[in-house]
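Have a look at the structure below, then the notes.
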Amino acid sequence: MSLRSLPLLSLLAALPAAAWADAPQVMTDFGPTHSIVTTLMQGVGTPDVLLAPGDDPHDFTLRPSQARTLSQADLVIWVGASLTPWLVDPLENLAGDAAHLSLLETEGWNLLPFRDLDEAMDHDDHAEHDDHAEHDGHDDHEDHDDHAEHGDHDDHEDHGDHAGHDHGEFDPHAWLDPTVVSVWADAVAQALIVQDAENAEQYTANLAAFQTDLTTLSAELAAIATQIDGTQIILPHDSFQYFEVGVGLTPAGFISNSEDADPGPGHLRELREMVEAGDVTCVLHESNSDAEWAAVLIENTPAQTAMVDVTDRAGVGYIAMMTNLAATLRDCAN
């Protein structure tokens, strides 16, 4: 052996074990999932993501390059069919040999049923919503069975409904509660370890660090929430339920009850009256179309408007995305 080879061998021997092992090819569906998995794979590899920032997770068509990448995946981690129904067939046809983890199907947390907002958002009496003590923990979520009856929405064309995306019975936007993400993170780490046992120690260490960050995040969100009067806020649409329950927030209403439905004139008139009366000081939006509605609602009033990001379009990572969400609500409402 040449003496000149020794420094190189010494350098290679000093590298962590993770550098020797090939990372699994992991595909995720969109921003929040990608952020969570990226955190847990730190030091091992980087997952792929199907949707670019700004793509609609509810309605999307795979490009050939994306289909090819999906077909090469060893593991696919996605929220689930009720959020991205278009992904069901590609998973079966293109990634049938890969392992699949649907986060909505993990155990240890409670799915929230979709709400009947025409009943829940009764603006004649907000007092019924002032007490969130019953939402202190997620163990009580199964008591939300009264929301399972959505009633007949045919008479509520002004508000839109949830039929457009056919989410099913339960609300899939569960990543907006860090306590749910904590459960998901554990499931993701275990799935990664099954695929890549050589890097189990790294995944376990990453999980422990992320769980600590999530605990800190929950405390920070709770502190920010004490500075927010939710009844002064109109949210873009009804996809914030897990965040609302997690921090004890009751909004004044929503621009639209569904992400794919434009608000009707009667609904906008009702919201506008609340803004003009000074009851609402903040109208939030999530897209350019929402921004146009928000501008209509606050025109010639002291109310403010701001954009929120719940799909990590900015690529800042899950922890920062959630912190920014809470801070935006606080700053806009006050």
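The values are calculated or read from the model by the stated rules, or taken from the named source; none is laboratory data. The structure displayed is predicted, hence computed values, not measured ones. All Cβ positions, glycine included, derive from the backbone under ideal geometry; neighbour counts span all protein chains shown. Note: areas computed on protein heavy atoms with side chains; ligands, DNA, RNA excluded. Shrake-Rupley method; radii C 1.70, N 1.55, O 1.52, S 1.80 Å.
A few points about this structure:
- Relative packing of 52-58, 237-243, 291-297, which averages over residues the other C-beta atoms within 10 Å, highest first: 237-243, 291-297, 52-58
- Inter-probe distance in nm under a simple model that places probes 7 Å from Cα toward Cβ, at T226 and T204: 3.7 nm
- Largest to smallest accessible area among H173, H100, H34 [probe 1.4 Å]: H100, H34, H173
- Total formal charge among the other residues, if their Cβ is under 12 angstrom from that of P53, Lys/Arg +1 and Asp/Glu -1: -3
- Taking 7 Å steps out from each Cα toward its Cβ at T301 and A320 produces label points 3.3 nm apart.
- Note that region 272-334 presents 45 Å² accessible area per residue, ligands and nucleic acids not counted, probe 1.4 Å.
- Label sites at R269 and E105, each approximated as a point 7 angstrom past Cα along Cα to Cβ, lie 4.7 nm apart.
- Ordering of 300-306, 224-230 by burial proxy (mean other Cβ atoms within 10 Å per residue, highest first): 224-230, 300-306
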